[in-house]
1. Consider the range 1-19. How many of its residues are open to solvent by 100 Å² or more (accessible area, probe 1.4 Å) and modelled with pLDDT of 80 or more?
2. In the list 62, 42, 38, which residue meets the criterion of being open to solvent by less than 90 Å² (accessible area, probe 1.4 Å), closer than 30 Å to residue 97 by Cα and either modelled with pLDDT of 80 or more or not in a helix (DSSP H, G or I) (or both)?
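The values are calculated or read from the model by the stated rules, or taken from the named source; none is laboratory data. Bear in mind the structure is a predicted one, so any value in this text is a computation, not a measurement. Just so you know, the surface numbers come from the protein's heavy atoms only, side chains and all, with ligands and any DNA or RNA stripped out. Shrake-Rupley method; radii C 1.70, N 1.55, O 1.52, S 1.80 Å.
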Amino acid sequence: MVGETDEKDKNETRKIAIGIVSLVLVLGLAIFLMAPIVAELVSVHFAPGLGFRDSAVISFFVTIVIMIVFAISAGDGLLGEIQFILGGFFLFFVIIWLLVAWIF
């Protein structure tokens, strides 16, 4: 009995692993085939505008305001959540920086 369920688990795990590997390969192939299209799209949409330097300054202050609002709304434990606030700060900063540079 134990050997049968162990064999079933091995077969199921093998099938899941094959499915995940094939999915990753298909996704990698799709990214490889779309690279020229994405490169052209990026070169067109990141045309001259506000620029990365100015958008970095804007996104820094927007991110500071967002983090202050998050820290105040968290209530208790501001020092206990500093690792999440710092991670969120850097993530928001990069996202807002690129979005501001892209839109303006």
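1. If we filter the range 1-19 for residues that are open to solvent by 100 Å² or more (accessible area, probe 1.4 Å), which is where we start, we get 1-2, 4, 8, 10, 12, 14-15, 18.
Next cut, modelled with pLDDT of 80 or more only: 8, 10, 12, 14-15, 18.
Residues flagged as open to solvent by 100 Å² or more (accessible area, probe 1.4 Å) and modelled with pLDDT of 80 or more within the range 1-19 amount to 6.
2. On the way: 42 fails: either modelled with pLDDT of 80 or more or not in a helix (DSSP H, G or I) (or both); 38 fails: either modelled with pLDDT of 80 or more or not in a helix (DSSP H, G or I) (or both).
Going through 62, 42, 38 in turn, just one is open to solvent by less than 90 Å² (accessible area, probe 1.4 Å), closer than 30 Å to residue 97 by Cα and either modelled with pLDDT of 80 or more or not in a helix (DSSP H, G or I) (or both): 62.
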